[in-house]
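Here the structure is laid out as structure tokens; the discussion comes afterwards.
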Amino acid sequence: MRTADAFLKTNFIRQLHNWRNHLHRLNKEQLQQLQHQRLQQLLEHSTKNIPYYKSLNVQLTGNPYEDIKKFPILYKSTVRDNMDALFGNDKSKMVVERSSGSSGIQGEVWMTKEEHTQYQAVQTSLWEWSGFRIGKPIMQTGITPYRGFVKTVKDILFRTQYVSAYNISYDNAVANLKKAKRNGVKFFGGFAASLNVYAEVALKEGIDIQFEGVIAWGDKLFDMYKNNINKAFGNPIITELYGTAEGFVITGSCSKGRHHIMTPQTYIELLDKDGNHVAPGELGFVVVTRLDCLSFPLIRYYLGDLAIRESEYVACTCGKHYPLLQKIIGRDTDIIQTPGGKYLVVQFFVGFLEHFNEIQQFSVVQREVGTMEIEFIKSPTYYDGVIEKINEVMFKRAEEVFPVEWIPMDVIPPTKSGKPQIIRNLVAQKLAV
């Protein structure tokens, strides 16, 4: 793989080794010290050298965890409106990364080639938590089927069978699974929803293919997806990554299923709607700061996600010492609010509707607080009266009765990014700072 580094003029392998053999082995105190050092360095550099942050006139005290609270929340729209003032390097020598735009606004950030390589290295080091190593054959789902020269070379060097994540036909899924089996592919990675589609096809067709590890990213890996993946692919080690295309690698899940926060790369804050830090166990808006990118710093970047932090006193039995996220909920638009003030997340609906085969597909829409619509596609087993049974189960689980309108559909379109969206909250409460 050093040949690939030489060809691409990167230092990926050196950085991967640093994560694998050094950073992942640090103890709790060493990780805290490293994050403190990198956060302080970032704040000092940004306030001295980056025009946008210089204009804020933030006075640093030397306590980065208190100083960072003086910085405003950085929204995608803020980045877009202040793009030129965020550069600390020659733009012509940098690479751009753009998010899918599934939150409504496409994010665009820049980084040097070394910073981009660092981003790739930490991701790959988390892939390895599934047992994967570069050079082992892997099937990967993605959104760029037309690979081009550089990506094609990388696929060959990394022995990657690249397949579509969104435009998946049944016949292609069967053919790709059979090809992977013939070629002895033992790892499967990609967008969570696409992995589930392949698992369902394998189960339906009786394709006996065993993966050692499965790596999921891009969208939420629901419990029903995990169950299908385990049944279809022989109980592989499942590693779930939580991050963004803008260069943040926030968490990776270990063999125990716990979400470890990558503190050498990302500083994460969980805030209430007024911008105050929430306690462990409480739901908060995700705000992140990348610690290893000084050329286009993103300080307190708002993702539009919600998560719950684990207590600092809880340690994972896998042996790694990173702090933990207890649960990753998803986007602030992925939650429905009931008249009684309860919050219903995607897993709430998936958890009981997966037992009703009469519903082929569904999407929950909230246009007003306290009411909801459920768009659904009928399956061949649908019958009159099943909606009443579903409502009965739903209200019992929610411990509340609320207005809901069921709307039959022929097609439920995905988001503009191509990702499926189970909940569309059109009146979602945002971080108000």
* To do: Would you look at the GNM of the chain, springs on alpha carbons closer than 10 Å, and say which of 314, 278, 346 moves the most?
  => 314
* Asked: To the nearest 10 square angstrom, what accessible area does residue 372 show with a 1.4 Å probe?
  -> 10 Å²
* Please work out the Cα convex hull volume for the chain and give it in Å³ per residue. => 150 Å³
* Enter the accessible area of residue 31 (Å², nearest 10), with the probe set to 1.4 Å and all protein chains included. => 10 Å²
* **Nearest-10 value in Å² for the accessible area of residue 181, using the 1.4 Å probe** => 110 Å²
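Kirkwood Rh over alpha-carbon pairs of region 351-404, then Stokes-Einstein at 37 °C and 0.692 mPa s: what D in µm² s⁻¹, rounded to an integer? List each step's numbers first, then the result.
Values: Rh = 11.9 Å.
D, rounded to a whole number, is 276 µm²/s.
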* Any idea of the accessible area per residue across the chain, 1.4 Å probe, to the nearest Å²? -> 47 Å²
* Structure fact -> Asserting the computed 222 nm helical MRE of the chain (DSSP H runs at least 4 long, -39500 (n - 2.57) per run, divided by residue count, to nearest 500) equals -9500 deg cm²/dmol
* What are the ³J(HN,Hα) values, in whole Hz, obtained from phi via the Karplus relation 6.51 cos²θ - 1.76 cosθ + 1.60 with θ = phi - 60°, for each residue of region 380-390 in sequence order, with x given for Gly and Pro? -> x, 8, 4, 8, 4, x, 5, 4, 4, 5, 5
* Structure fact -> Averaging 1/r across every pair of distinct alpha carbons in region 279-381 and inverting yields a Kirkwood hydrodynamic radius, in angstrom, of 16.8 Å
* To do: Provide, for q = 0.19, 0.20, 0.22 Å⁻¹, the log10 of I(q)/I(0) from a solvent-free Debye sum over equal Cα point scatterers in region 167-230.
  => -0.67, -0.75, -0.91
* So in the chain, what percent of DSSP beta bridges are antiparallel if you round to the nearest 5? -> 60 percent
* For residue 92 and residue 29 in one chain, what is 0.36 nm times their gap in residues minus the Cα-Cα distance, to one decimal in nm? -> 18.8 nm
* How many percent of the accessible area of region 185-296 is carbon or sulfur, using a 1.4 Å probe? -> 45 percent
* Structure fact -> Of every hundred units of 1.4 Å-probe accessible area on region 29-106, the number belonging to carbon and sulfur atoms, as a percent, is 42 percent
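Provide the convex hull volume over Cα atoms per residue for region 36-137, in Å³.
Enclosed volume per residue, from the Cα hull, is 156 Å³.
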* Tell me, which longest segment in the chain has none of the chymotrypsin sites (Phe, Trp or Tyr not before Pro) that fall in DSSP loops with at most 13 further Cβ atoms within 10 Å? -> 147-312
* Which links in 136/231; 136/178; 327/396; 136/226; 113/320 stretch past 25 Å when you go from one Cα to the other? -> 113/320
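The values are calculated or read from the model by the stated rules, or taken from the named source; none is laboratory data. What you see is a predicted model, and the numbers here were worked out from it, not measured in a lab. A quick note on method: Cβ atoms are made from the backbone with ideal geometry, for glycine too, and the neighbour counts reach across all protein chains shown. Side chains included, ligands, DNA and RNA excluded: accessible areas come from the protein's heavy atoms. Shrake-Rupley method; radii C 1.70, N 1.55, O 1.52, S 1.80 Å.
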